[in-house]
Structure formats: structure tokens, C-alpha cells
1. Sum -39500 (n - 2.57) across every DSSP H segment of at least 4 residues in the chain, then divide by the residue count to get the 222 nm mean residue ellipticity, nearest 500.
2. In nm, give the distance between the simple-model label positions of Leu39 and Lys223, each being 7 Å from the Cα along the Cα-to-Cβ direction.
3. Among 84-97, 217-230, 12-25, 188-201, how do they line up by average Cβ neighbours within 10 Å per residue, starting with the highest?
4. By its C-alpha gyration tensor, with a ≥ b ≥ c as the square roots of the eigenvalues, how is the stretch 175-231 shaped: rounded for a/c under 1.5, else prolate for a/b larger than b/c, else oblate?
5. Taking a point 7 angstrom from the Cα of Lys11 along the C-beta vector, which residues in the stretch 25-59 have backbone N less than 18 Å away?
6. Treating the beta-carbon of each Lys and Arg as +1 and of each Asp and Glu as -1, no other charges, what is the dipole magnitude of the chain about its Cα centre, to the nearest 20 debye?
7. Within the stretch 69-199, how many Lys pairs that are eight or more residues apart, or on different chains, come under 20 Å at the alpha-carbon?
8. Relative contact order for the chain: what percent, with Cα pairs under 8 Å and sequence separation of 6 or more?
Amino acid sequence: SLEGMSAFLLKFADTLKLDKFALVGGTVGFAYAVKMASLQPGRVISLIGISGYLPVDPKILNKSMARYQRGVLFTLQKSRPLAKLLVLSGYKMFLQLGGPRFFQQIMNTSKSDLAVVENANSVGVLSVGLRIAGAQGVEALLNDSFLVLHNWSDAVDELTMVAHLLHGDDDSVFKMDAVEAFCDEHPNFKLSKFENTGQLMIYARPRKIAQHIAAVIEEDLQKVTEKVQNS
């Protein structure tokens with residue numbers, strides 16, 4: 001669950017004796033990062049989401065997603081056994097078609113994402129990630145996927161700090177107009193647009209994204225330092 005995983009990660013930070021830290025969450029991981037920041041905002045120096053999944057109306061998601069993605073998310077709402085069947089058949093399709101053709105199927109609404117999956121190195125990393133995700137078991141994978149639809153607006157509403165959202169203008173899951181509308185409704189979400197990138201932006205522009213993240217954390221750390229000095 002969102003609460004359970006967030007509590008686990010905070011306990012992990014305690015074990016490492018981290019008093020303060022930055023949180024960078026990609027896709028579904030951004031939901032965990034937001035929840036952690038809402039639970040213990042005083043410890044979080046900087047909160048950053050990369051192609052972050054957002055609690056957006058499922059109807060909006062359905063308009064932009066590829067058919068296979070739509071099928072999984074729709075059945076997760078209606079019939080978990082059917083969603084399980086789709087995920088298992090999708091994994092079988094991945095094994096049969098191979099990485100490039102499989103990812104072309106599920107990322108076919110974005111030219112930028114398609115360009116990433118045509119790169120052998122990127123597909124290799126994506127394929128390993130998919131196998132790791134599958135290794136946790138179908139039920140756990142479905143629980144993670146359900147976070148895309150699950151209404152975690154309470155965590156967003158409880159958030160008292162700025163959330164930096166890095167998003168591509170050619171995303172195959174969340175279209176920019178939906179992200180902009182979300183940020184308009186939540187002023188503490190600061191949007192940074194990356195041109196000619198999509199859901200797989202971290203594979204397409206890793207150095208630029210890393211540099212941007214480093215700059216954001218440095219700026220937020222400076223603000224925290226000044227606040228401590230002034231108090």
C-alpha cells in the first residue's frame with residue numbers, strides 16, 4: 001500500500017541515520033515520495049518527480065494511453081482477475097516478441113518514447129527492469145499499477161512543500177495538458193517541461209535530467225540552510 005511502503009522507506013532512512021534527505025521518484029515512485037514528504041516534511045530537503053504519475057481522472061488517462069495500457073488500467077478498476085490475465089499475457093508477449101517490438105506496442109502514442117525503444121541499450125535496460133518488476137509476482141505488480149488509478153489526492157492535499165515535477169512534452173502516459181491542469185490546481189507543484197522527451201525521458205536525456213535534479217536539490221538545500229541560519 002502507499003502508506004505501508006512510505007512507512008517502510010522512512011524506517012529505512014532511520015536505519016541509515018539520515019536526518020534529512022532529498023526524494024527523487026520516477027513514475028509510480030513519485031507517489032511514495034509525495035506520501036513520505038506529507039508524513040515527515042521537516043526531513044525532506046527536496047521533492048522531485050520524473051515523469052511522475054499523478055492522481056488524474058482515469059477518463060483523462062484513457063484518452064492518451066496505448067490500448068494495452070488502457071486495457072490493464074481499466075480492468076484493474078473492474079476485474080482484478082482479468083487484469084491479472086492481461087498482465088500475464090503481456091509478459092508472454094514480451095518474451096515472444098522481444099523487447100523492441102513489445103515496447104513499440106505499449107509506447108506507440110509518443111514519437112519520443114518510440115525513439116528510445118529503438119535504441120538497443122535503452123531497450124536492454126527497460127527489459128531488465130521489466131523482469132525485475134515481474135519477479136515480485138503478479139499480485140504485487142498489480143498493486144503497484146493500481147496506484148496509477150488509486151486516489152492518493154489526500155497525500156497531495158497534505159503536502160506543505162514544493163514538489164518539482166520534471167515532465168516531457170511527448171509523454172505516452174500523461175499528456176502535457178493534463179499535467180499542466182493538475183499543476184494549476186496544485187500551486188505547490190512546480191512544473192519543468194522537457195522538450196522532445198516522453199515517459200522514457202530518463203533513458204533519452206539522463207545527463208540533462210541529472211544536472212537539472214542536482215541544481216534543484218542545491219537550490220532547495222540553500223533555502224533550508226538560510227532558514228536554519230535565520231532562525
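Just so it is clear, none of the values below were taken in a lab; they were calculated from the coordinates. Just so you know, these numbers come straight off a predicted model, no measurement behind them. Neighbour counts run over all protein chains shown; Cβ positions are idealised from the backbone, glycine included.
1. -19500 deg cm²/dmol
2. 2.3
3. 188-201, 84-97, 12-25, 217-230
4. Oblate.
5. Under 18 Å, as judged by backbone N against the label point of Lys11, lie 32-33, 35-37, 39-40 of the stretch 25-59.
6. Once rounded to the nearest 20, the dipole reads 800 debye.
7. Lysine pairs meeting both conditions in the stretch 69-199 amount to 5.
8. With pairs under 8 Å counted, the relative contact order is 25 percent.
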